[in-house]
Amino acid sequence: MKIKREFLICTAIFVLMASLPLFAIGASYGLEEPVNTDTSGVLSKVESSKSESKTEKSPSKTESKATSSEAKASESTQESLIEVSNSDKISADGRFKILDTSTNEVLTLTDEEFLIGAVAAEMPPSYEPEALKAQCIATYTCYAKKRADERANPHQELNGADFSADLSKKQIYLTPDRMKEDCGESYDEIYSKYKSIVEAVKGEVLTYKGELITCTYFAISSGKTDSFKDIFGKDLPYLTAVSSPYDAFAPNYKSKKAISAEDFKKAFEENSDTVNFSESADKWISDIKLTDSGSVKCIKIGGVEFSGSKVREILGLRSACFSVKYNKEFQFEVKGYGHNVGMSQYGANEMAKEGIGYKGILEHYYNVKI
């Protein structure tokens, strides 16, 4: 009886030990719904009402470690780095000038004022501080380059401004008045948070061989970003394809759009004089070529080749990572949101949740050594 009892005890222990990995995997999948990241300038007051779908599962700890390892692995030997610079090329006169196309007036802002409103236009205040810092640096790099380029070669239509935006639609920059509208009684607290983020990394930019980089970012990736070359045609060594696995768990990661044959035909005829829709609708689309990340690189429609980005623009799709089938109408299934090049804002926030700092986030998405 003693031997039998010991055998049963050993068996029970073995079963318990064998099941521990299963418990660990189950515990690592959260049930909490992620923040909606339709990051087009929407602040926290309206975030909860915009989520249209529940998250499936959060990435496991194993996936999180893999992401962290990839971020560290991206510390390449390239000459890219983050630096605090006071060169004329970056700081200019310490002012940004925006032509507001809704009023045709030029708004002049200090670098700090601009960055507070520009980061607010891109990321909600509920995002992690390290993700917001990464966004601040990416934003400053992007628009400091636009400013430098414009001042070196001014365009008359900008009326002395560095770039234009429709501020009534919250493009690029949120004015304090627009922020107050969105934030209500939380305005002071939210404005203070953005201001503290800007102060923490003010002046830091991304450069490659001493020059400001072409700094791109977007809301949600398809699960892997695309290279600049695949989407925009130019080879930039710091904008290569990198994994961004968290994005697949973002609300609205997948979207669908149905377009009638008549509307489809009309849309492309308005954009090309040579499209030919004489065949049946099921033969209008052919020769789809994908990037390594799964986005549509080019596609023939009515015998004419279009880039995936152009099709996205013409049809109003959320990204160029789409599949399509015809069944009495054109049915599109789309992954991600944005052009899919550079930093994924949703991915950056999830990396920050895993304890990765803003430099690690930037290293990962921009393939730089910091």
Subject >> Glu313-Glu211 FRET efficiency (beta carbon distance; Förster radius 22 Å; 0.05 resolution) >> reply: 0.15
Original post:
FRET efficiency for Asn327 and Ser168, Cβ-Cβ distance as r, R0 = 41 Å, nearest 0.05?
Top reply: 0.55
Original post:
How about segment 314-370: which GluC sites (Glu not before Pro) there lie in a loop by DSSP and see at most 16 other Cβ atoms within 10 Å?
Top reply: Glu329
Original post:
Residue by residue through segment 120-132, which ³J(HN,Hα) values in whole Hz follow from phi under the Karplus form 6.51 cos²θ - 1.76 cosθ + 1.60 (θ = phi - 60°), with glycine and proline marked x?
Top reply: 4, 6, 9, 9, x, x, 6, 5, 4, x, 5, 5, 5
Original post:
How would you classify segment 247-329 from its alpha-carbon gyration tensor, with a ≥ b ≥ c the square roots of the eigenvalues: rounded for a/c under 1.5, else prolate if a/b is greater than b/c, otherwise oblate?
Top reply: prolate
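Compute the length gained on full extension between Lys180 and Asp273: take 0.36 nm times their separation in residues and subtract their Cα-Cα distance, giving the result in nm to one decimal.
The span from Lys180 to Asp273 would gain 28.8 nm if fully extended.
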Subject >> Estimated distance in nm for a label pair at Asp263 and Ala281, the labels positioned 7 Å out from Cα along Cα-to-Cβ >> reply: 1.1
Subject >> Net charge of neighbours whose Cβ lies under 13 Å from the Cβ of Asp166, counting Lys and Arg as +1 and Asp and Glu as -1 >> reply: +1
Subject >> Nonlocal amide H pairs with Lys224, under 5 Å, H built at 1.01 Å >> reply: Ser244
**OP:** Work the Kirkwood hydrodynamic radius out for segment 180-318: mean of 1/r over every pair of different alpha-carbon atoms, inverted, in Å.
**Re:** 18.7
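The numbers here are math on the coordinates, done by the rules we state, and not lab data. These numbers come from a predicted model, not from an experiment. Heads up, the Cβs are rebuilt from the backbone with ideal geometry, glycines too, and the neighbour counts pull from every protein chain shown.
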